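Undergrad: Below is the structure I would like to discuss, written out as structure tokens.
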Amino acid sequence: GTKKIQQAMTERPALRHFVKQSQKGRDCDVDDIVDQLLSFSLKQVDTADATGDSLAMIHDALEAPQNYVLKPQREGGGNIFFG
């Protein structure tokens, strides 16, 4: 669903791909735009995929839950839990 798209858009390669397409023909620094976007976006992970970054983030969330927001795979708002 859409959560997977949201998750992918917090990853540099995917974001860079779409920024590059949207800025085609313009004189701009794509990497600078990507850096700006990533500076105010939140990393999203799928806790069912307990590998790599996801596993590290799960471990960190257990150690410092106050730094995380748990958002279920459900659209429409609500049901969000803050550490």
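Undergrad: Filter the trypsin sites (Lys or Arg not before Pro) in region 1-33 down to the DSSP loop ones having no more than 13 other Cβ atoms within 10 Å, then list what survives. If you can, show how the numbers build up before the last one.
TA: Details: sites: LYS3, LYS4, ARG16, LYS20, LYS24, ARG26; in loops: LYS24, ARG26.
Loop-located and lightly packed - LYS24, ARG26.
Undergrad: Stretch LYS43-ARG12 to full length: gain in nm at 0.36 nm per residue minus the Cα-Cα span?
TA: The span from LYS43 to ARG12 would gain 10.1 nm if fully extended.
Undergrad: Label-point separation (nm) for ASP53 and LEU70, each offset 7 Å from Cα along Cα-to-Cβ?
TA: Calculated label separation equals 2.2 nm.
Undergrad: Hey, rough spin-label estimate for GLN21 and LEU62, points 7 angstrom out along Cα→Cβ, what's it come to in nanometres?
TA: Those two pseudo-labels are separated by 3.8 nm.
Each value in this text was obtained by applying a stated rule to the coordinates, not by laboratory testing. Source: prediction; values computed, not measured. For neighbour counting, all protein chains shown are included, and Cβ atoms are generated from backbone atoms with ideal geometry for every residue, glycine included.
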